[in-house]
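The values are calculated or read from the model by the stated rules, or taken from the named source; none is laboratory data. Nothing here was measured: the structure is a model prediction, and the numbers come from that model. Here Cβ is always computed from backbone atoms with ideal geometry, including for glycine, and neighbour counts include all displayed protein chains. With ligands, DNA and RNA removed, areas are computed over all heavy atoms of the protein, side chains included. Shrake-Rupley method; radii C 1.70, N 1.55, O 1.52, S 1.80 Å.
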Amino acid sequence: MDGSAKPSRRVQRLRLWILLALIVSSVPMFLWFSWLPSCRPGLKEGETYGIDVSHHQGSIDWRRVAADGITFAYIKATEGGDLVDHRFDANWFGADAAGIPRGAYHFFTLCVPGAVQAQNFLNAVPSDPSALPPAVDLELTGNCAARPSPTRVRAELTDFLDAVESATGRTALLYVRSDFESEYQVIVPMHRPLWVAMFLRRPSGTWHIWQVDSYARVDGIDTRVDLDVSRG
(Lines give C-alpha, C1' and ligand atoms only; values in the text may rest on other atoms or scores of the structure.)
Protein backbone atom coordinates (compact mmCIF):
# COMPACT_ATOMS: atom_id res chain seq x y z
CA MET A 1 0.00 0.00 0.00
CA ASP A 2 1.36 3.51 -0.99
CA GLY A 3 1.88 5.58 2.22
CA SER A 4 2.13 8.93 0.37
CA ALA A 5 -1.56 9.57 -0.16
CA LYS A 6 -2.37 12.82 -1.96
CA PRO A 7 -3.91 15.60 0.13
CA SER A 8 -7.63 16.12 -0.27
CA ARG A 9 -8.95 18.82 -2.56
CA ARG A 10 -10.05 20.80 0.49
CA VAL A 11 -6.50 20.81 1.85
CA GLN A 12 -5.15 21.75 -1.56
CA ARG A 13 -7.57 24.67 -1.82
CA LEU A 14 -6.62 25.80 1.70
CA ARG A 15 -2.95 25.74 0.81
CA LEU A 16 -3.65 27.71 -2.36
CA TRP A 17 -5.59 30.36 -0.44
CA ILE A 18 -2.78 30.66 2.11
CA LEU A 19 -0.25 31.09 -0.69
CA LEU A 20 -2.37 33.74 -2.39
CA ALA A 21 -2.87 35.56 0.92
CA LEU A 22 0.89 35.64 1.49
CA ILE A 23 1.50 36.98 -2.00
CA VAL A 24 -1.20 39.65 -1.69
CA SER A 25 0.03 40.79 1.74
CA SER A 26 3.66 40.95 0.60
CA VAL A 27 2.97 43.20 -2.38
CA PRO A 28 1.97 46.29 -0.32
CA MET A 29 4.95 45.70 1.97
CA PHE A 30 7.29 45.52 -1.03
CA LEU A 31 5.80 48.68 -2.51
CA TRP A 32 5.99 50.44 0.86
CA PHE A 33 9.69 49.73 1.36
CA SER A 34 10.41 50.54 -2.27
CA TRP A 35 8.65 53.91 -1.97
CA LEU A 36 9.75 54.90 1.54
CA PRO A 37 13.49 55.48 0.92
CA SER A 38 12.75 57.98 -1.84
CA CYS A 39 9.93 59.77 -0.01
CA ARG A 40 10.60 63.38 0.86
CA PRO A 41 7.77 65.37 2.43
CA GLY A 42 6.72 68.61 0.86
CA LEU A 43 8.55 71.68 2.12
CA LYS A 44 6.97 74.85 3.37
CA GLU A 45 8.47 78.28 2.78
CA GLY A 46 11.96 78.56 4.28
CA GLU A 47 12.37 74.82 4.85
CA THR A 48 15.20 72.67 3.48
CA TYR A 49 16.23 69.01 3.41
CA GLY A 50 19.17 67.71 5.42
CA ILE A 51 20.64 64.54 6.88
CA ASP A 52 22.36 63.41 10.06
CA VAL A 53 25.18 60.91 9.82
CA SER A 54 27.79 58.97 11.77
CA HIS A 55 30.31 56.23 11.03
CA HIS A 56 27.35 53.92 10.37
CA GLN A 57 26.97 55.52 6.93
CA GLY A 58 30.54 54.62 5.97
CA SER A 59 32.41 56.66 3.39
CA ILE A 60 30.25 59.46 1.98
CA ASP A 61 30.59 61.24 -1.36
CA TRP A 62 29.54 64.66 -0.16
CA ARG A 63 29.48 66.29 -3.59
CA ARG A 64 26.89 63.77 -4.75
CA VAL A 65 24.96 64.38 -1.53
CA ALA A 66 24.89 68.12 -2.28
CA ALA A 67 23.69 67.45 -5.83
CA ASP A 68 20.79 65.38 -4.43
CA GLY A 69 19.12 68.38 -2.82
CA ILE A 70 20.64 68.07 0.67
CA THR A 71 21.46 71.53 2.01
CA PHE A 72 22.61 70.84 5.56
CA ALA A 73 24.06 68.00 7.61
CA TYR A 74 24.53 67.14 11.26
CA ILE A 75 27.54 64.94 11.90
CA LYS A 76 28.15 62.81 14.97
CA ALA A 77 31.28 64.03 16.71
CA THR A 78 31.39 62.41 20.12
CA GLU A 79 29.71 60.20 22.68
CA GLY A 80 30.20 60.21 26.44
CA GLY A 81 33.50 61.31 27.91
CA ASP A 82 36.04 59.84 25.51
CA LEU A 83 34.51 58.42 22.32
CA VAL A 84 35.10 60.30 19.07
CA ASP A 85 33.28 59.04 15.98
CA HIS A 86 36.02 57.72 13.69
CA ARG A 87 34.35 59.20 10.61
CA PHE A 88 33.89 62.65 12.11
CA ASP A 89 36.86 64.43 10.55
CA ALA A 90 36.22 62.96 7.10
CA ASN A 91 32.55 63.93 7.26
CA TRP A 92 33.18 67.36 8.77
CA PHE A 93 35.67 68.49 6.17
CA GLY A 94 34.02 66.56 3.33
CA ALA A 95 30.68 68.31 3.85
CA ASP A 96 32.37 71.68 4.02
CA ALA A 97 34.32 71.05 0.81
CA ALA A 98 31.05 70.20 -0.93
CA GLY A 99 29.48 73.46 0.25
CA ILE A 100 27.04 71.83 2.68
CA PRO A 101 26.53 73.75 5.93
CA ARG A 102 27.21 71.33 8.78
CA GLY A 103 26.96 71.08 12.51
CA ALA A 104 28.24 68.57 15.04
CA TYR A 105 26.24 66.55 17.55
CA HIS A 106 27.09 64.71 20.74
CA PHE A 107 25.41 61.58 22.12
CA PHE A 108 24.84 62.33 25.81
CA THR A 109 25.42 59.42 28.17
CA LEU A 110 23.95 59.09 31.66
CA CYS A 111 27.17 57.58 33.04
CA VAL A 112 29.62 60.49 32.66
CA PRO A 113 29.52 64.00 34.15
CA GLY A 114 28.24 66.62 31.75
CA ALA A 115 31.37 68.79 32.04
CA VAL A 116 33.58 65.86 31.01
CA GLN A 117 31.35 65.15 28.01
CA ALA A 118 31.45 68.80 26.99
CA GLN A 119 35.23 68.77 27.02
CA ASN A 120 35.28 65.68 24.82
CA PHE A 121 32.99 67.40 22.34
CA LEU A 122 34.92 70.67 22.32
CA ASN A 123 38.23 68.87 21.88
CA ALA A 124 36.92 66.99 18.84
CA VAL A 125 35.04 69.73 16.97
CA PRO A 126 37.11 72.43 15.27
CA SER A 127 36.19 76.01 16.04
CA ASP A 128 34.17 77.35 13.11
CA PRO A 129 31.90 80.39 13.51
CA SER A 130 30.12 79.46 10.26
CA ALA A 131 29.09 76.00 11.51
CA LEU A 132 25.51 75.20 12.46
CA PRO A 133 24.68 75.31 16.18
CA PRO A 134 25.87 72.28 18.17
CA ALA A 135 23.31 69.60 18.99
CA VAL A 136 22.97 67.03 21.76
CA ASP A 137 21.32 63.64 21.24
CA LEU A 138 19.20 62.57 24.23
CA GLU A 139 17.78 59.05 24.13
CA LEU A 140 17.78 55.94 26.27
CA THR A 141 18.30 53.52 23.39
CA GLY A 142 22.01 52.80 23.20
CA ASN A 143 22.68 54.61 26.48
CA CYS A 144 24.39 53.13 29.50
CA ALA A 145 22.48 51.08 32.08
CA ALA A 146 22.53 53.73 34.81
CA ARG A 147 19.34 55.68 35.46
CA PRO A 148 20.19 58.66 37.69
CA SER A 149 17.44 60.83 39.12
CA PRO A 150 15.83 63.46 36.87
CA THR A 151 17.33 66.19 39.05
CA ARG A 152 20.83 64.78 38.56
CA VAL A 153 20.42 64.32 34.82
CA ARG A 154 19.13 67.85 34.31
CA ALA A 155 22.05 69.22 36.34
CA GLU A 156 24.61 67.27 34.27
CA LEU A 157 22.92 68.28 31.03
CA THR A 158 22.98 71.92 32.15
CA ASP A 159 26.72 71.63 32.82
CA PHE A 160 27.22 70.21 29.32
CA LEU A 161 25.14 72.91 27.63
CA ASP A 162 26.70 75.75 29.60
CA ALA A 163 30.22 74.66 28.68
CA VAL A 164 29.49 74.04 24.99
CA GLU A 165 27.43 77.19 24.50
CA SER A 166 30.00 79.33 26.29
CA ALA A 167 32.81 77.98 24.11
CA THR A 168 30.93 78.17 20.79
CA GLY A 169 28.81 81.24 21.40
CA ARG A 170 25.82 79.34 19.99
CA THR A 171 22.62 78.03 21.57
CA ALA A 172 22.52 74.24 21.28
CA LEU A 173 19.74 72.15 19.75
CA LEU A 174 18.15 69.36 21.76
CA TYR A 175 17.29 66.12 19.98
CA VAL A 176 15.04 64.47 22.56
CA ARG A 177 13.50 61.05 21.97
CA SER A 178 10.24 60.24 23.72
CA ASP A 179 11.82 57.60 25.98
CA PHE A 180 14.29 60.14 27.39
CA GLU A 181 11.68 62.86 27.82
CA SER A 182 9.30 60.46 29.55
CA GLU A 183 12.00 59.56 32.07
CA TYR A 184 13.65 62.95 32.61
CA GLN A 185 11.38 65.78 31.36
CA VAL A 186 14.12 68.04 30.00
CA ILE A 187 12.36 69.94 27.23
CA VAL A 188 10.64 72.60 29.33
CA PRO A 189 13.39 73.31 31.89
CA MET A 190 16.21 73.30 29.31
CA HIS A 191 14.28 75.67 27.01
CA ARG A 192 16.34 75.14 23.85
CA PRO A 193 15.45 74.84 20.16
CA LEU A 194 14.11 71.35 19.45
CA TRP A 195 15.02 68.70 16.93
CA VAL A 196 12.07 66.31 16.92
CA ALA A 197 11.63 62.84 15.45
CA MET A 198 8.28 61.93 13.91
CA PHE A 199 7.91 59.22 11.30
CA LEU A 200 6.78 60.90 8.03
CA ARG A 201 4.05 62.91 9.79
CA ARG A 202 4.77 66.64 10.16
CA PRO A 203 5.03 67.49 13.86
CA SER A 204 2.93 70.19 15.46
CA GLY A 205 4.15 72.84 17.83
CA THR A 206 7.50 74.60 17.85
CA TRP A 207 10.46 72.80 16.32
CA HIS A 208 13.63 73.79 14.53
CA ILE A 209 14.52 70.47 12.84
CA TRP A 210 12.23 67.54 12.06
CA GLN A 211 13.75 64.09 11.63
CA VAL A 212 11.43 62.56 9.05
CA ASP A 213 12.66 58.96 9.04
CA SER A 214 15.75 56.74 9.18
CA TYR A 215 15.25 54.96 5.85
CA ALA A 216 16.11 57.62 3.30
CA ARG A 217 18.17 57.03 0.22
CA VAL A 218 20.52 59.87 -0.66
CA ASP A 219 22.90 59.83 -3.58
CA GLY A 220 26.50 59.48 -2.39
CA ILE A 221 25.58 57.35 0.64
CA ASP A 222 25.52 53.56 0.33
CA THR A 223 23.34 52.93 3.39
CA ARG A 224 19.98 54.21 4.60
CA VAL A 225 20.26 57.55 6.35
CA ASP A 226 18.21 59.86 8.57
CA LEU A 227 16.33 62.50 6.56
CA ASP A 228 15.68 65.85 8.23
CA VAL A 229 13.80 69.04 7.47
CA SER A 230 15.00 72.38 8.85
CA ARG A 231 12.93 75.48 9.30
CA GLY A 232 16.04 77.51 8.58
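Can you tell me which residues in the stretch 143-156 are of a type in the set (A, V, I, L, M, F, W, C) and touching a helix residue (DSSP H, G or I) at 6+ places or on another chain (Cβ under 6 Å)?
V153
Filtering the stretch 128-143 down to residues that are out of contact with any His (no Cβ under 8 Å at 6 or more places or on another chain) and in contact (Cβ under 8 Å) with a residue 40 or more places away in the chain, which residue is farthest from H55 (Cα to Cα)? Don't jump to the end; show me each part of the working.
Within the stretch 128-143, the subset out of contact with any His (no Cβ under 8 Å at 6 or more places or on another chain) is 128-133, 138-143.
Imposing the further condition that a residue be in contact (Cβ under 8 Å) with a residue 40 or more places away in the chain reduces the set to 129, 132-133, 138-140.
Details: P129: 24, L132: 20, P133: 21, L138: 18, E139: 18, L140: 20 Å.
Filtering the stretch 128-143 for residues that are out of contact with any His (no Cβ under 8 Å at 6 or more places or on another chain) and in contact (Cβ under 8 Å) with a residue 40 or more places away in the chain, the one farthest from H55 (Cα to Cα) comes out as P129.
Go through F93, F121 for me and flag whichever is open to solvent by less than 10 Å² (accessible area, probe 1.4 Å), within 27 Å of F72 (Cα to Cα) and part of a helix (DSSP H, G or I).
F121
Does G81 satisfy the condition of being part of a loop (DSSP other than H, G, I, E, B) and modelled with pLDDT under 95?
It is false that G81 is part of a loop (DSSP other than H, G, I, E, B) and modelled with pLDDT under 95.
Does S127 qualify as being of a type in the set (S, T, N, Q), open to solvent by 60 Å² or more (accessible area, probe 1.4 Å), over 28 Å from I70 (Cα atoms) and not in a strand (DSSP E or B)?
no
Pairs needed: first member in the stretch 144-160, under 14 Å from S182 (Cα atoms); second member anywhere, of a type in the set (S, T, Y); C-beta distance under 7 Å; at least 6 residues apart or different chains.
Here the result reads P150/Y184; V153/Y184; R154/Y184, each pair linking the stretch 144-160 to a residue that is of a type in the set (S, T, Y).
Just the residues that are farther than 13 Å from F72 by Cβ and open to solvent by less than 20 Å² (accessible area, probe 1.4 Å), please, taken from the stretch 42-59.
Residue satisfying the conditions is S54 alone.
Assess whether F88 counts as being farther than 18 Å from V225 by Cβ, modelled with pLDDT of 95 or more and open to solvent by less than 10 Å² (accessible area, probe 1.4 Å).
On the way: farther than 18 Å from V225 by Cβ: no; modelled with pLDDT of 95 or more: yes; open to solvent by less than 10 Å² (accessible area, probe 1.4 Å): yes.
So F88 fails the test.
Suppose we keep only residues that are aliphatic (A, V, I, L, M) and in contact (Cβ under 8 Å) with a residue 60 or more places away in the chain within the stretch 185-222. Which one would you say is farthest from R63 (Cα to Cα)?
It comes out as L200.
Among L140, L110, L132, which is modelled with pLDDT of 95 or more, surrounded by fewer than 22 Cβ atoms within 10 Å (Cβ to Cβ), closer than 24 Å to I187 by Cβ and in contact with a helix residue (DSSP H, G or I) (Cβ under 6 Å, 6 or more places away or on another chain)?
After ruling out the rest, the residue left standing is L140.
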